[in-house]
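Worksheet: the structure to be examined is printed underneath.
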Amino acid sequence: MPAELVCFEPTCRARFAVTEVIYNCPRCGGLLETGYPDWKQDPEQLKAAWRARRTCNLPLDQSGVWRYREIIPFLEDLDSVVTLREGNTPLLAAPQAAEYGGLDRLVFKHQGFNPTGSFKDNGMTSGVAQARRLGMRRVACVSTGNTSASMAAYAGAGGLEALIFIPHGNISYGKLAQALEYGARTFQVEANFDQILALVRVLAERMGIYLLNSINPFRIEGQKTIMAEMLDQRDWSVPDWIVLPGGNLGNTSAFGKALRELKQWGFIQKLPRLAVIQAEGAAPFFDLFQAARQDRLAAVAHPETLATAIKIGDPVSWPKALKEVSESQGVVEKVTEQEIADAKAVIGKAGIGCEPASAATLAGIRKLTVAGVMRRDADVVAVLTGNVLKDPDYIYRYHTGQLEAPGGRLIQPTFGNRPVVMPNDPEKIAALL
Ligand code: F0G
């Protein structure tokens, strides 16, 4: 069997066909992942083939996901694939950010360069391919904004109807605007992300709608290629650390699975350590990681953070993320609203920019180097998950000293950069310059 769905629970490991429309194990309720028990190819030949595809004009070779199709072989053929040339995101050296974070050097893998501005595109191209392969007509997700923007675009491109459920008043306008523009039917529900996810799961099952949240194992497959592309760009030199923000923990699961498989299949010889950073007001995974018993995650009932992308109190993929972070000898850290905001401004000033959730990475690095967990000379790749333009309102408020943390405390504009209002008078402007 070339590809199968496998229950993630070690005590179950039940196996199912990849064409079954299931999101949890029908036997034990565990999470599902794709497995490729017979996978066998020559890593060196594949590395060369992937490099050669970068100069090829075929749409699938131009995609930074499907270029690496040999490590996500769950489709029988590639006819169902819709590509917007996702992936292909750069590694950007950022000396100013490194200094702020307490490192000699730091590289960002900037997923905000994706077609809809976030890493979700890597997973959405594969999730939508699976939806089309299954003959699904309607796809749905609940989202803090980026998943919905991405799903709307890929569904639009692939001729599927997109149904989007978002927490009312809690996503940035940039993201909501994308969903509307890409033609998705958008429902703003008076509940938080976790509550809406439970609702949408029931609806999807009842109405035969295909669910494209990160609980969908085929989305995770696409997100694996973020790690493959990063390693390819580094000529397969493995960094010491991969740092990423954690919300629903799909990306943590995807990165862990990718790195595990790449090691198992002979592409790399060691695993980098994963450092997952959460916002202080939405940090159930941080708490779990500190806890003596790790068999149950205690959800945060009312998650709070201005980094709305990671405002999630009950992350569904925690069992996977826990295993991946543990196996990589990784860590979980949490950071304050002030720390996120300042780190974000530092990333911006370096000419790179990102959305608030992404900046948790640099804030986390700063804490981890101070604590001595991360060495100053470590080789670190931080993943910026979303584009700077996703949340302009946050930026304007920060730089003008109007950004309020949940609870009403004003965020200090440590690196504030206020626009200056001037009369149309060359003398006055010259005096100021
Ligand atoms: N960064 C950004 C910009 C995100 O949009 C998300 C998740 C994350 C980080 C966290 O990733 O959930 O895999 O741990 N956004 C989801 C959404 C939840 O609906 O767009 P995760």
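The values are calculated or read from the model by the stated rules, or taken from the named source; none is laboratory data. Every value quoted in this text rests on a predicted model; they were computed, and no experiment measured them. With ideal geometry, Cβ positions are generated from the backbone for all residues, glycine too; neighbour counts draw on all protein chains shown. Remember, those area values only see protein heavy atoms, side chains included, never the ligands or the DNA or RNA. Shrake-Rupley method; radii C 1.70, N 1.55, O 1.52, S 1.80 Å.
Equivalent ellipsoid of region 180-241: semi-axes from √(5λ) of the C-alpha gyration tensor, largest first, are 34, 14, 13 Å. Kindly identify region 205-304 as rounded, prolate or oblate by the Cα gyration tensor criterion: order the square roots of the eigenvalues as a ≥ b ≥ c, call it rounded if a/c is under 1.5, otherwise compare a/b with b/c, prolate if a/b is larger, else oblate. Oblate is the answer for region 205-304, as a/c is 1.5 or above yet b/c matches or exceeds a/b. Solvent-accessible area assigned to carbon and sulfur over the chain amounts to 51 percent, based on a 1.4 Å probe. Using R0 = 35 Å, the C-beta based FRET efficiency linking residue 138 and residue 233 works out to 0.45.
Charges only on Cβ, +1 for Lys and Arg, -1 for Asp and Glu: so what's the dipole of region 275-389 about the Cα centre, in debye to the nearest 20?
Numbers: 12 positive and 14 negative charges, 26 e Å.
Rounded to the nearest 20 debye, it is 120 debye.
Straight-line cross-link partners of residue 390 among the lysines, defined as a Cα under 27 Å from its Cα and at least 8 positions apart when in the same chain: 109, 120, 175, 224, 311, 334, 344, 349, 367.
Projected label points at residue 349 and residue 202, each 7 Å from Cα along the beta carbon direction, are separated by 5.0 nanometres. Go ahead and collect, in residue order, the members of region 221-252 whose backbone nitrogen is under 15 Å from a label point 7 Å along the Cα-Cβ direction of residue 70. Only 228-229, 232, 236 fall inside the zone, counting backbone N under 15 Å. Seen from residue 334, the other residues with C-beta closer than 15 Å to its C-beta sum to a net charge of -3, counting Lys and Arg as +1 and Asp and Glu as -1. Largest first, the extents of the alpha carbon coordinates of the chain on the three principal axes equal 75, 52, 47 Å.
Taking +1 at the Cβ of each Lys and Arg and -1 at the Cβ of each Asp and Glu, which of 288, 215, 6 sits farthest along the dipole of the chain towards its positive end, judged by Cα position relative to the Cα centre? With unit charges placed on the Cβ atoms, the residue in question is 6. Each part gets one Cα centre, and for region 368-397 versus region 58-128 those centres are 18 Å apart.
Pull out a ≥ b ≥ c, the square roots of the eigenvalues of the alpha-carbon gyration tensor of region 41-191, then state rounded if a/c is under 1.5, prolate if not and a/b is larger than b/c, and oblate in the remaining case. Mind dumping the intermediate values first?
Values: a/c = 2.51, a/b = 1.14, b/c = 2.21.
Because a/c hits 1.5 or more and a/b fails to exceed b/c, region 41-191 counts as oblate.
The DSSP beta bridges internal to region 76-191 are antiparallel in roughly 25% of cases. The trypsin sites (Lys or Arg not before Pro) of region 357-401 that meet both conditions, a loop assignment by DSSP and at most 13 other Cβ atoms within 10 Å of the site Cβ, are 376.
Peptide packing: for 17-30, 218-231, 62-75, the average count of neighbouring Cβ atoms within 10 Å per residue gives the ranking 218-231, 62-75, 17-30, highest mean first.
Of all DSSP beta bridges confined to the chain, the antiparallel ones make up roughly 30%.
Taking the chain, the Cys residues with no second Cys beta-carbon under 4.7 angstrom are 56, 141, 354.
Ranked highest first by average number of other Cβ atoms within 10 Å, how do 88-99, 308-319 line up?
308-319, 88-99
Do you know the relative contact order of region 140-257, to the nearest whole percent, from alpha carbon pairs under 8 angstrom that are 6+ apart? Result for region 140-257 is 24 percent.
How many Å² of accessible area per residue for the chain, probe 1.4 Å?
41 Å²
Filter the chain for me: DSSP H helices, axial length by Cα at least 27 angstrom, mean Kyte-Doolittle hydropathy not below 0.0. List them by residue number. The qualifying helices: there are none. Legend: residues 173, 182, sorted from most to least accessible area (1.4 Å probe; ligands, DNA and RNA excluded), read 173, 182.
Which value at 222 nm does the chain reach when only helices count, each DSSP H run of 4 or more adding -39,500 (n - 2.57), with the total divided by all residues and rounded to the nearest 500 deg cm²/dmol?
Here the helix-only value at 222 nm equals -11500 deg cm²/dmol.
Under the combined filter of DSSP loop state and at most 13 neighbouring Cβ atoms within 10 Å, region 138-220 retains these GluC sites (Glu not before Pro): 190. Only the Cβ atoms of Lys and Arg (+1) and of Asp and Glu (-1) were treated as charged; on that basis the dipole of the chain about its Cα centre amounts to roughly 300 debye.
The alpha-carbon of residue 47 sits under 17 angstrom from the alpha-carbons of these aspartates and glutamates, leaving out residues fewer than 8 places away in its chain: 61, 70, 229, 232, 235, 261. Taking +1 at the Cβ of each Lys and Arg and -1 at the Cβ of each Asp and Glu, which of 193, 406, 318 sits farthest along the dipole of the chain towards its positive end, judged by Cα position relative to the Cα centre? Working it through, the farthest residue towards the positive pole turns out to be 318.
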